[in-house]
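Here's the structure, in structure tokens; my notes come after.
The values are calculated or read from the model by the stated rules, or taken from the named source; none is laboratory data. The shown structure was predicted, so the numbers you read here are calculated from the model rather than taken from an experiment. As a convention, Cβ positions derive from the backbone with ideal geometry for all residues, glycine included, and neighbour counts pool all protein chains shown. Note: accessible area is taken over every heavy atom of the protein model, side chains too, but ligands, DNA and RNA are not part of it. Shrake-Rupley method; radii C 1.70, N 1.55, O 1.52, S 1.80 Å.
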Amino acid sequence: MTPMKWFYSFLRKYWLRMAAGLLLVTMLSAAALAGPYISKLIVDDVINKGNTKLLLKLVACLIALVIVKGVCRFFSHVLFETSSQNVLFSMRDIVYRKLLQEDFAFYNKNRTGDLMSRQTGDMDAIRHFVAYVIYTVYENILYFIFALVMIFVTNFKMALCMVIVLPLAAITTYLQAKSVKPAFTKCRNAFSSLNTYVQENISGNRVVKAFAKEDYEMEKFTFENDKYRDAELGAAEIWKKYVPVFEFFSNALSIILMLAGGIMVVNSEMTMGDFVAVNGYLWMLTEPLRMAGWWVNDIQRFITSVEKIYATYSTEPDVKEPLNPVRKKKLEGNIVFNNVSYKADDEDILNNISFEVKKGQTIGITGTTGSGKSTIINLLCRFFDVTDGEILIDGTNVKDLDMYQLRENIGIAMQDVFLFSDTIEGNIAYGRPDCSFEEVKKAAKMADANIFIKNMPDGYDTMVGERGVGLSGGQKQRISLARALIKEPSVLILDDTTSAVDMETESYIQRQLENINHSCTTFIIAYRISSIRDADKIIVLDNGRIAEQGTHKELLEKNGYYSAVYYHQYPMAAELKKRNAVT
């Protein structure tokens, strides 16, 4: 499907409304023809022949025409505006739904500011086209054709003189359309880049202030702002070159009328009434010529916006829902990684990972930075798909499971905590919006968040700032944990969830988690040995491979990476080990 066909699929839903609007515009254009003709009758029959009785009838006709044109104008505007808003609503809705279906790889490749500009500036260019450009261009084309026909009917020779301008105007229109499209593409790209920069810096304002980099960021903003301004001025240079040409053609018609028409009146080749009528039709020729350059700009902006939105919409995710998904409303939580490997951008992230987890077991995962700890979780949740091997849950490949039911059975507290601009209660209940307040409070208690929440000004109704601004790192982590626990998941994933809390709080949370371990499988990713030492199995990753696995006691006896980290974090245990070795 081409971008234009995709756009027409939205417009087609409102074709009756659009057709009614175009019919009113047609009536409006036809009514405009009567004015100059009435002027001709006034000059020829009323003024020259003294037929005063006809004057009242003609004035009444003019009043009726004004009323008809006013009614047609009003209702045509209403029809086109409502159609544009409905098209915009439908398009924005379906594009947003598609964005929600995209996978992590899509968002890794596309900047937030670019996606925002598609939903704002580009969408508004489409709304402007439907609400204004369509009927305006159609109306002026009718004006031009009707006026040309009426001039031919009034005086054939006069019409031939005016037609000379038309081929030149058509060639100019073609040249402008050809030149302006690349310029508007550049404008939209520059706007997206500027939008992205502003979004990133507003989100990261704390970092900017912490490093006192306001001046540095202003310089970068000035560069992006200059780039956008230059792109817009570059587009303006194009229409600045062509719009005066259209203005010249428009004025040329007036000169032709005055010169050729004046000679014809003097030579009695046309009446003064005919001259007045042609002069009345003249604006219906000059206005389309004068505005043609602006309409070409609007149309090219519209085409560019549709192409950019469709390019985003048509991107297919790498992770897709299976054609015939296996549906399991409640998973048991038995998990097997069977020779799993994952590669991204020709870089090996995981290599031949194999382990098994029984229902209710707790698995600890640790290792160096970049060793692939979070990738294991991303593959389990199908945020990415494995390159080789398979991941089984309850004996079924995750690729064959209904993707939404799979994720409904997983509760995850992510390493990068994201909180919505909502109340604390709303953030905790995000995974189960229909849960009761008591269930929210219970989850908060398990995450050791209840006390600090109650001490806040509005308790659970306290509004959380964007991305959790106003809360400490530990508070955000505990709210994130409560959000995962309230789902009562079959698989619970804690990705470095307690790194920002003190040891006492961590110990409390671990005791609470022990109460649910019999009912759900738990993955704990952590650098702190205290977070994973009691796990049923601990996996140590190094450079995408399993370097060690076993219980806490077994790994200490291996004297490998895990043992070194443990004795580094617990110096007293290391000292005791030395003493025992000496004795």
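Some points to look at:
- Single residue of Val198, Val207 found to be β-branched (Val, Ile, Thr), open to solvent by 40 Å² or more (accessible area, probe 1.4 Å) and modelled with pLDDT of 75 or more: Val198
- Test: residue in segment 309-326 that is within 30 Å of Asn155 (Cβ to Cβ), within 46 Å of the chain's Cα centre (by Cα) and crowded, with 19+ Cβ neighbours inside 10 Å: no
- Among the residues listed as Gly273, Gly262, the single one being surrounded by fewer than 20 Cβ atoms within 10 Å (Cβ to Cβ) and over 24 Å from Asn140 (Cβ atoms): Gly262
- Test: residue in segment 39-50 that is surrounded by 14 or more Cβ atoms within 10 Å (Cβ to Cβ), free of Cβ contacts under 8 Å to residues at least 60 places away in the same chain, small (Gly, Ala, Ser) and in contact with a Gly (Cβ under 9 Å, 6 or more places away or on another chain): no
- Filter pass, Leu481 being in contact with a strand residue (DSSP E or B) (Cβ under 7 Å, 6 or more places away or on another chain), in a helix (DSSP H, G or I), modelled with pLDDT of 85 or more and crowded, with 23+ Cβ neighbours inside 10 Å: yes
- Contacts under 6 angstrom Cβ, first residue in segment 344-360 being closer than 27 Å to Glu514 by Cα and assigned to a strand (DSSP E or B), partner small (Gly, Ala, Ser) and modelled with pLDDT of 90 or more, 6 or more apart: none
- Candidate set: segment 81-136, residues that are over 21 Å from Ser9 (Cβ atoms) and among the acidic types (Asp, Glu); chosen: the one farthest from the chain's Cα centre (by Cα): Asp103
- Residues that are open to solvent by less than 40 Å² (accessible area, probe 1.4 Å) and among the hydrophobic types (A, V, I, L, M, F, W, C), drawn from segment 246-255: Phe246, Phe249, Ala252, Leu253
- Qualifying residue in segment 106-127 (condition: out of contact with any Asp or Glu (no Cβ under 6 Å at 6 or more places or on another chain), farther than 23 Å from Lys308 by Cα, part of a helix (DSSP H, G or I) and aliphatic (A, V, I, L, M)): no
- Boolean, Ala183 is open to solvent by less than 80 Å² (accessible area, probe 1.4 Å), at pLDDT below 70 and either in a helix (DSSP H, G or I) or basic (Lys, Arg) (or both): no
- Segments classed as helices (runs of 4 or more DSSP H), wholly inside segment 195-304, with at least 2 members that are farther than 30 Å from Lys40 by Cα: 205-210, 214-256
- Pick from segment 351-371, criterion touching a Lys or Arg at 6+ places or on another chain (Cβ under 8 Å) and not polar (S, T, N, Q), ranking: surrounded by the fewest Cβ atoms within 10 Å (Cβ to Cβ): Phe355
- Members of segment 68-105 that are under 18 Å from Ser305 (Cβ atoms), in contact (Cβ under 8 Å) with a residue 12 or more places away in the chain and open to solvent by 80 Å² or more (accessible area, probe 1.4 Å): Gln85, Arg92, Tyr96
- If you go through segment 393-422 and keep only what is open to solvent by 30 Å² or more (accessible area, probe 1.4 Å) and over 13 Å from Val491 (Cβ atoms), you end up with Gly395, Asn397, Lys399, Asp400, Tyr404, Met414, Gln415, Asp416, Phe418, Phe420, Ser421, Asp422.
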